1. Within the stretch 376-388, can one find any residue that is under 19 Å from Thr130 (Cβ atoms) and touching a helix residue (DSSP H, G or I) at 6+ places or on another chain (Cβ under 7 Å)?
2. In the list Gly86, Gly34, which residue meets the criterion of being modelled with pLDDT of 95 or more and of a type outside the set (Lys, Arg)?
3. Could you go through the stretch 298-314 and let me know if any residue there is at positive phi, in contact (Cβ under 8 Å) with a residue 40 or more places away in the chain and polar (S, T, N, Q).
4. Look through the stretch 429-458, keep the residues that are among the hydroxyl-bearing types (Ser, Thr, Tyr) and open to solvent by 30 Å² or more (accessible area, probe 1.4 Å), and return whichever of them is farthest from Arg51 (Cα to Cα).
5. Taking Phe433 as meeting all but one of (1) closer than 18 Å to Phe56 by Cα; (2) in contact (Cβ under 8 Å) with a residue 40 or more places away in the chain; (3) hydrophobic (A, V, I, L, M, F, W, C); (4) in contact with a strand residue (DSSP E or B) (Cβ under 7 Å, 6 or more places away or on another chain), write down the number of the exception.
6. Which is open to solvent by 30 Å² or more (accessible area, probe 1.4 Å) and closer than 25 Å to Val175 by Cα, of Val162, Val98?
7. Taking the options Val192, Val221, Val200, name whichever one is β-branched (Val, Ile, Thr), over 14 Å from Phe290 (Cβ atoms) and open to solvent by 30 Å² or more (accessible area, probe 1.4 Å).
Amino acid sequence: MKQILPDHVAPVAEPVVDDTRPAFAGRAVGALAGLVGLVLLLTSGSYGYHRDELYFLAAGAHLDWGYVDQPPLVPVLAWTLDFISGGSLVVLRLPAIVLVVLGMLVTAAIAREFGGGKRAQVIASAAYGTAPITLLVGHWLATNSLDMFFWALATLLLVRWVRTRDDRALVLLGVSAGVALQAKYLIVFLLVVTAVAAAVVGPREILRRRMLWVGAGIALVCALPTVIWQAANGWPQLEMSEAVAQAAEATGGRVGYVPTLLSLAGLSAVLMLFGLWRLMAAQQMRQWRFLGWSFIGLLVVFIAMNGRADYLAGMFPLLMAAGAAGLGPSPRTRWVPWVAWPALTASAALAVALMLPVFPVQSLATSPQAQAESVQTVGWPQFAASVGEAYKQLPDGTAVLTEDYAQAGALFKFGPQSGVQTVYSAHRGYWYFGTPPDGTKTVLFVGGDPTELQRFFGSVRPAGKTGNPYGGLKNLALDVPMWVCEQPVDDWPRLWQRMRHIA
């Protein structure tokens, strides 16, 4: 019987229940995602800890509501997994692997929302799962490991809301943004730019939905503790943004932003560009056009900021799904399987060769990964052993300082095995973890330049270098100079303020 409401009670808008989408290709997509996850799992224990993972372990042991360079979720996650697993590198990286697998499922789900059948869903999922940036953030635990997934989830919820007008998706959008804000702040840019795009080209209705603002309130409450920490500490994240902009210049800066962005997608960049064109021009994608404008707006913002190209990688699932959904099947697209699968196979092989630890470590210096991030996972135990040997030659009460936060993280993890129980660094977030004790007269400084160190110490003399058993490979652990620094020129609280550096 139909319910009759009193005159003063407004009817509640019902979500659209007519579901004309193709079936979800769960078996095919799940098998493909499982294969990528298995490859990541089998390679997760190779080489060693990434420099950022070492920092996360130290940051998790110095728990706080925020850090210079990130919110607290990844350090907490890293420290917890390391503690419960007894120091297993594979266990530490499990969340990154799981999020890549889930990201592939989300990418397929977006393709389905766009009307894509089994072919589209599998192609979209494969394109995302074999992109170089996906394998990179799936190989070790990073803030991007979480950020990329939650961007993908956010775009899925937006795409679904447009189709269904089910406001529960907007609440879930706020929840997912709230979790993402515990790992990285970038999702704020996605939400703000997308809201502006919706206000300009529609659907403006989304901005009038009460559940959107409920979701925004949830995200704000989740972010509040780390925002308060930033405010209480002088907004160091702004300094961090300037440091990122300086580092971006070394990889091409604004001019190289788009080429670098496309390289992160591998050969699937062609599919992404097709997806962007469909979002902007195809009639059947018109209701989602604001998301195409959102991508363009974010591109402009990040280039203007001189940000990193990987900031936009969270939009890859949306664009790949939009492109794959336009590939049929139809009589005009019979060629697609003959082109897509060889291209995706080649893209996967290229990504594996560039991003995963598949080369013998002794030949890494002459491999295609010699300039890649993989080199920052090599040599840390040997680094700690070298520092420990130099430390044993110095008097009791000597403090160990490092030039770089990653070097301090390596000594936090491996130093106790070599006799180094405590380490300090004035670099980025490590500066907040503690100051050398008052009265410290001798410092073993790892890294740095003697001319710079003479600003802080009256005496600076060499103490050798860390080893390099890897055939000339260069990273932050190998061939690092060490210095014995004495006669500090000021008391440690003031000296520590002077030594602090972000870049």
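1. Going residue by residue through the stretch 376-388, those that are under 19 Å from Thr130 (Cβ atoms) are none.
No, every residue in the stretch 376-388 fails to be under 19 Å from Thr130 (Cβ atoms) and touching a helix residue (DSSP H, G or I) at 6+ places or on another chain (Cβ under 7 Å).
2. Values: Gly86 fails: modelled with pLDDT of 95 or more.
The match here is Gly34.
3. Within the stretch 298-314, one or more residues are at positive phi, in contact (Cβ under 8 Å) with a residue 40 or more places away in the chain and polar (S, T, N, Q).
4. Result: Thr451.
5. Among (1) closer than 18 Å to Phe56 by Cα; (2) in contact (Cβ under 8 Å) with a residue 40 or more places away in the chain; (3) hydrophobic (A, V, I, L, M, F, W, C); (4) in contact with a strand residue (DSSP E or B) (Cβ under 7 Å, 6 or more places away or on another chain), the lone unmet condition for Phe433 is (4).
6. Working: Val162 fails: open to solvent by 30 Å² or more (accessible area, probe 1.4 Å).
Being open to solvent by 30 Å² or more (accessible area, probe 1.4 Å) and closer than 25 Å to Val175 by Cα holds for just one of Val162, Val98, which is Val98.
7. Details: Val192 fails: over 14 Å from Phe290 (Cβ atoms); Val200 fails: over 14 Å from Phe290 (Cβ atoms).
From the options Val192, Val221, Val200, the qualifying one is Val221.
Residues checked against (1) assigned to a helix (DSSP H, G or I); (2) surrounded by fewer than 23 Cβ atoms within 10 Å (Cβ to Cβ):
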| residue | (1), (2) |
| --- | --- |
| Ala59 | yes, no |
| Asp64 | no, yes |
| Pro71 | no, no |
| Val76 | yes, yes |
| Gly87 | no, yes |
| Leu92 | yes, no |
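The values are calculated or read from the model by the stated rules, or taken from the named source; none is laboratory data. Small disclaimer: the values here were computed from a predicted structure and weren't measured. Here the Cβ is made from the backbone with ideal geometry for all residues, glycine too, and neighbour counts use every protein chain on show. To get the accessible areas, we keep the full protein, side chains included, count just its heavy atoms, and leave off ligands, DNA and RNA. Shrake-Rupley method; radii C 1.70, N 1.55, O 1.52, S 1.80 Å.
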